[in-house]
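A quick write-up on the structure given underneath.
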Amino acid sequence: MTDHRNNALKYAQDHKEQSLEKMKDIISIPSISTDPERKEDIKKAAEWLKKELRELGMTKVEIFPTPRHPIVYAENLTAGEQAPTVLIYGHYDVQPTDPIDEWNSDPFTPTEVGEFLYARGSTDMKGQVIATFSAVDAILQTGDLPVNIKFLIEGEEEIGGSYLKTFIKENKELLSCDFFLNPDTGMLGPDSPSITYALRGISYFELRIQGAKQDLHSGTFGGAVHNPAQVMTDLLSGLHDDKGRVTLPGFYDKVQPIDDEEREELSRLPTTEEFFINQAGVKKLWGEEGYTSVERTGARPTLEINGLYSGFIGEGQKTVLPAYAMAKVSTRLVPDQDPNEIFDMFKAYLEENAPETVTWQLDKLAADFPSISDRKSPWITAYVKAAETVWGSRPLFDRSGGSVPVVVHIQQNLGVDSVNIGFGIPGGNLHGPNENIHLPTFYKGVEALVHFFFNL
């Protein structure tokens, strides 16, 4: 096994250019999932993956059509029943390129500048997909797989993965595995390998407060008709107390506490208080009393007002009493909170506190559960050792403030934990102009994956 590992590592090192060319090939396909005019490019990307997976040595490769964009599945189970089975995730769709005039090169013409490759999808996440392909290729070119491999690669992640949840639920046997490898997160720096072991969920609402049937003259009706904008601000201001805590009754009842060991892990992260101040450009931080900013943004739930609209908002003045006010409100949730229960809590708050002078409507726009993986699982332990071997330092354990629904769908339907890693670094501009991937980190990532598969 040691000889095979060393031979696979040497193969990966000797074939860096081959990995780079494959990344450039798939990146060059403008598979923008939200653009109907790119439907043929989406199909082309799926077919490219199918061909590549067959050449890679997968014994079964299939494209599953969906109501929107196809899912690519592949497997090689030749390691046998005694070996663990890993389900590797990926998505081949990318974000739109707007604003195009802010790009320094064509978004779909991969361009090397120094140690970086610039192109849409380079870091999110076609580059990460190719890293897994390159690691598996290096192992198969020099021997047999030490683990069973399955690939699940979708084309709708950037538009919410609308069909993937259904596909996972309907194909539990096909996708059965010992753990899920999600290389769609990232690193906190080129010398800071990272494992994202927890992801927050979300419960998102739209609230509309309705007063009069139309905008009214504020001089004629002000003081006699309750202003929906005032009602909205009164309701929203009551959602936090003076210690930064959410006031919805029951909001914290199911929140898993942060123990001392986990707090010590989170304190190793380079995201200090100064980092948040500098990145946000604010004078002073705010948040729930008793927690650091790292803990508040990853391990604690939050409630945020994402948007407000009411009345006249143009230049100059117009003295109106608005007919209605609208707000977008989201909550980021941590284990073991239920997004549907949070919606019910917000609805109960409105029923108790909204005045009879107005009517209101609350709509649920999104509901995804949080997830957490065991930091001491054999799967995460195997990657910790792999990262230590390649980077020479113990990985950082990070709790993401965002949401990755596929991790939750896998956990709920297949009952397995995830290993959430990635090789994109800060400054990669995913979703923005001049998206890029740091090639030295990408190549180290391939080597880390080789070690990881052998460590398993």
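Taken together, the values in this text are just the output of simple stated rules run on the coordinates, not laboratory data. As the structure is a prediction and not an experimental result, all values here were calculated from the model. Cβ atoms come from the backbone with ideal geometry, glycine included; neighbour counts cover every protein chain shown.
Dividing the Cα radius of gyration of segment 370-456 by 2.2 N^0.38 Å, with N the residue count, gives 1.19.
Within a straight-line Cα-Cα reach of under 18 Å, Lys16 can be paired with the following aspartates and glutamates, leaving aside sequence neighbours fewer than 8 residues apart in one chain: Asp25, Glu52, Glu55, Glu112, Glu115, Asp137, Glu447.
Mind grabbing the base-10 log of I(q)/I(0) for the chain at q = 0.07, 0.08, 0.11, 0.14 Å⁻¹? Debye formula, identical points on the C-alpha positions, no solvent, two decimal places. Values returned for q = 0.07, 0.08, 0.11, 0.14 Å⁻¹ are -0.41, -0.53, -0.94, -1.36. Pairs of Cα atoms nearer than 8 Å and 6+ residues apart set the relative contact order; for the chain it is 25 percent.
In this label model, Asp144 and Lys39 are separated by 4.6 nm, measuring between points 7 Å along each Cα→Cβ vector.
In segment 241-321, taking the dipole from charged Cβ atoms about the Cα centre, the farthest positive-side position among Phe312, Tyr252, Trp286 is held by Phe312. Modelled label positions at Asp3 and Phe64, each set 7 Å beyond Cα in the direction of Cβ, lie 4.1 nm from each other. Across every pair of non-identical alpha carbons in segment 63-191, the mean reciprocal distance, once inverted, gives a Kirkwood radius of 16.6 Å. A convex hull fitted around the alpha carbon atoms of segment 324-400 yields 127 Å³ per residue. Counting only DSSP H runs of at least 4 residues, each contributing -39500 (n - 2.57), and dividing by the residue count of the chain, the helix-based mean residue ellipticity at 222 nm comes to -10500 deg cm²/dmol.
For the set Lys243/Lys328; Lys283/Lys347; Lys60/Lys444; Lys43/Lys169; Lys254/Lys328, the pairs lying more than 26 angstrom apart at their alpha carbons are Lys283/Lys347; Lys60/Lys444. Take the Cα of Glu261, go 7 Å toward its beta carbon, and the backbone nitrogen atoms of segment 375-413 under 14 Å from that spot belong to 375-378, 381. On the basis of the beta-carbon distance and an R0 of 25 Å, Gln210 and Glu315 show a calculated FRET efficiency of 0.40. Under 15 Å from a label point set 7 Å out along the Cα-to-Cβ vector of Thr109, the amide N atoms of segment 2-42 belong to 28-30.
Of the residues Ile437, Phe369, Val404, the one whose Cα sits farthest towards the positive end of the charge dipole of segment 321-448 is Ile437 (charges of +1 on Lys and Arg Cβ, -1 on Asp and Glu Cβ, taken about the Cα centre). For the Cα trace of segment 287-416, dividing Rg by the Kirkwood Rh returns an Rg/Rh value of 1.13.
Note down the Stokes-Einstein diffusion coefficient of segment 294-350 in µm²/s, whole number, using a Kirkwood radius over alpha carbon pairs, 20 °C, and 1.002 mPa s.
The calculation lands on 152 µm²/s.
Shown is the FRET efficiency for Lys172 and Asp101, computed with R0 = 51 Å from the Cβ-Cβ distance and rounded to the nearest 0.05: 0.65.
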